[in-house]
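One structure is given below, encoded as structure tokens.
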Amino acid sequence: MKQFLFLITLLSINFFVTGQQTDLTLTKGTKLTYEVEQGTKAYQFIMKITELGKTVSFDWEMTAPINKSGSVKMTAEAMKSATALFNYFNDGQTVLAEETSAFISRDAYKSIEDNKSVTLSANGKNGAAELFEVLNSSTSEKSGSFYIDYIKPVNGKDLTFETHILENADGKKAIRVWKNAEFPLIIFMETDFKIYLTSIEQ
């Protein structure tokens, strides 16, 4: 009985600590580091948030072997209702009025919450839109993938991200979106490349 009570106590403590760790608010100056795998290339995509409100902006850089840098600004309308994801960057400043990057729009997030699905183009505004559905469990019947808890360091301390996991019809494309209605950050995406969040610094 003592061993059983001890186990329950440990589980309770772990639950409490994890709950504390899921408290995260993005702010101006937040630095997010992603790993990117594209064909035979692997590099980091590092973004620093410079504006966070109805509009969202960030500076970015890609490490070797890509070696590019620039900035992205998403207009208020894009952050509200865009259904296309901008994923291919060129040096310099980019202003997005019909697409979002690193985030999905607030309307898209609302569709995920309300309908358990959303229609998105993962290849920009000129790409084909397709339905992404929220998985009911951590195991995908479409792809056979098993999605573990998403735990990454924030300011050096591990944080468990609560996410929606979405897949397209054949399970070959996947997106994990942080459960944050105001700033729905993409923390993992696999299309014809893979990108995943590895750390956050504030």
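According to the calculation over all Cα-Cα pairs in region 105-202, the P(r) per 10 Å bin from zero is 15, 48, 31, 6 %.
Counting only protein heavy atoms and a probe of 1.4 Å, the accessible surface of region 63-202 is 47% carbon and sulfur.
Each Cα pair under 8 Å and six or more residues apart adds its sequence gap; the mean of these over the residue count of region 84-202 is a relative contact order of 22 percent. Less than 5 angstrom separates the built amide H of S199 from those of T33, all sequence-distant by 5 or more or on a different chain. Residues in region 49-54 carry Karplus couplings, in order, of 6, 10, 8, 9, x, 4 Hz; the curve used is 6.51 cos²θ - 1.76 cosθ + 1.60 with θ = phi - 60°, and Gly or Pro positions show x.
Taking amide H atoms as placed 1.01 Å from N in the peptide plane, the amide H of Y150 lies under 5 Å from those of F161, each 5 or more residues away in sequence or on another chain.
Cα-based values for region 21-64, radius of gyration first and Dmax second, are 12.8, 37 Å. Against the chain, whose longest principal axis comes from its Cα atoms, helix 106-115 is set at around 50 degrees.
Each eigenvalue of the Cα gyration tensor of the chain, multiplied by 5 and square-rooted, gives one semi-axis; in descending order these are 29, 21, 17 Å. Taking θ as phi - 60° and the Karplus parameters 6.51, -1.76 and 1.60, the scalar couplings of region 89-95 work out to 9, 10, 3, x, 8, 10, 10 Hz in sequence order, x denoting glycine and proline. Between T94 and S71, V72, K73, the built amide H atoms are under 5 Å apart, and every one of these is 5 or more places off in sequence or on another chain.
For the chain, the solvent-accessible area of protein heavy atoms averages 55 Å² per residue (probe radius 1.4 Å; ligands and nucleic acids excluded). For region 116-126, putting each phi into the Karplus relation 6.51 cos²θ - 1.76 cosθ + 1.60 with θ = phi - 60° gives couplings of 6, 6, 7, 9, 9, 9, 7, 10, x, 5, 9 Hz, in residue order, rounded to whole numbers and with x for Gly and Pro. Remark on region 101-156: hydrodynamic radius 13.5 angstrom, per the Kirkwood mean of 1/r across alpha carbon pairs.
The values are calculated or read from the model by the stated rules, or taken from the named source; none is laboratory data. Keep in mind that this is a model prediction, so the values were computed, not measured. Areas reflect the complete protein model, heavy atoms only, side chains present, ligands, DNA and RNA absent. Shrake-Rupley method; radii C 1.70, N 1.55, O 1.52, S 1.80 Å.
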